[in-house]
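For reference, the structure is listed below as structure tokens.
The values are calculated or read from the model by the stated rules, or taken from the named source; none is laboratory data. Model, not experiment: these values are computed from the prediction. Cβ placement follows ideal geometry from the backbone for every residue including glycine, while neighbour counts extend to all protein chains displayed. Side chains included, ligands, DNA and RNA excluded: accessible areas come from the protein's heavy atoms. Shrake-Rupley method; radii C 1.70, N 1.55, O 1.52, S 1.80 Å.
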Amino acid sequence: MADTMGHSATATRNTRLVVGFCLLAIAPQIFEFIWSIGTIFGWGAGRGPATVVASHVTALLAGAPSAIFGSFGGGTKKVSSEVLLALIYSYPLFVVAILTLFMTIRSAQDYVGGVVLMALALFALWAGSDLQGMHGFSFGAGTAPRMFGGLLVALSAGIALTGLMTEGAALAHYSWRGPLFVMAAILFFALSIRSLGLVVTAFASFMIAATGSHETRWLEAAIVGACLTLGCAILFPYVLGLPMPMFPRFLIQ
């Protein structure tokens, strides 16, 4: 009975990891979809949400498999960025997620850390896939990123294998509140800087990031945010000479 309960607990933990790895495998697509929602309100430029969803779903379900089978036939057809993202980043992580379901993980921290590092390396390989490679003995712009990306893939795979072969610490509890609000602040700044201006956007972004801590003292946070906003208002347009809007668009118009 104890063995059965232990096996059930392991299966439950593995299922959670599988779900997490699957979400990690489509994290860039989710991020672009969230970013594209801002185009509806005039925040930033780019493709709309429907176009983003259609292109990535088509790439994952049809474009990438066609590219794989076409490569066996000797085809050299140029593939889109979405298909490359699926081939280089998403598919390998989906394979890892499926294999995780049947594995006994002895050190969850090592295993999960290795997979996350692998995801970063794969994303770097995709991001540099359109850069020029080596021509003979001359290095291109994409040579170093691919070399370091491949090395990081190998190292992260070794870390993940360590988590399967040696006993280690279980996966510790991780608080998502801090990183979540910091990422929300970054997204808010990127989407609002043109329409709301530097003054409003910088102060609001700082306050959003401050929400990520339970220990935030709001009066002190507001004072620090105001000082940082004043510093940014002096630094970017006057010291660095960057043409950034200072105030909301509706006030200027």
State yes or no: is residue 18 modelled with pLDDT of 85 or more, open to solvent by less than 50 Å² (accessible area, probe 1.4 Å), closer than 24 Å to residue 101 by Cβ and not charged (D, E, K, R)?
yes
Among the candidates 151, 171, residue that is over 25 Å from residue 35 (Cβ atoms), of a type outside the set (Lys, Arg), in contact (Cβ under 8 Å) with a residue 60 or more places away in the chain and surrounded by 11 or more Cβ atoms within 10 Å (Cβ to Cβ):
171
List every residue pair whose Cβ atoms sit under 7 Å apart, with the two residues 6 or more apart in sequence or on different chains, where the first one lies in the stretch 94-118 and is assigned to a helix (DSSP H, G or I) and the second, anywhere, is aromatic (Phe, Trp, Tyr) and surrounded by 15 or more Cβ atoms within 10 Å (Cβ to Cβ).
96/21; 97/21; 100/21; 115/21
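One line per residue, one yes/no per condition, for (1) farther than 27 Å from residue 177 by Cβ; (2) among the β-branched types (Val, Ile, Thr):
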{"residue": "192", "(1), (2)": "no, no"}
{"residue": "216", "(1), (2)": "no, yes"}
{"residue": "222", "(1), (2)": "no, no"}
{"residue": "229", "(1), (2)": "no, yes"}
{"residue": "234", "(1), (2)": "yes, yes"}
{"residue": "239", "(1), (2)": "yes, yes"}
{"residue": "244", "(1), (2)": "yes, no"}
{"residue": "248", "(1), (2)": "yes, no"}
{"residue": "251", "(1), (2)": "yes, no"}
Go through 181, 236 for me and flag whichever is modelled with pLDDT of 80 or more and under 21 Å from the mean Cα position of the chain (by Cα).
181
When you scan the stretch 213-227, how many residues do you find that are open to solvent by 100 Å² or more (accessible area, probe 1.4 Å) and outside any helix (DSSP H, G or I)?
3
Going through the stretch 74-112 one residue at a time, which ones are modelled with pLDDT of 90 or more and among the small types (Gly, Ala, Ser)?
86, 90, 97
Expected output for the stretch 219-237 (first residue more than 12 Å from residue 207 (Cβ to Cβ) and free of Cβ contacts under 8 Å to residues at least 60 places away in the same chain, partner part of a helix (DSSP H, G or I) and open to solvent by less than 70 Å² (accessible area, probe 1.4 Å), Cβ below 7 Å, 6+ apart or cross-chain) is 232/198; 232/202; 233/198; 233/199; 236/198
Quickly run through the stretch 228-253 and pick out the residues that are among the polar types (S, T, N, Q) and open to solvent by less than 100 Å² (accessible area, probe 1.4 Å).
229
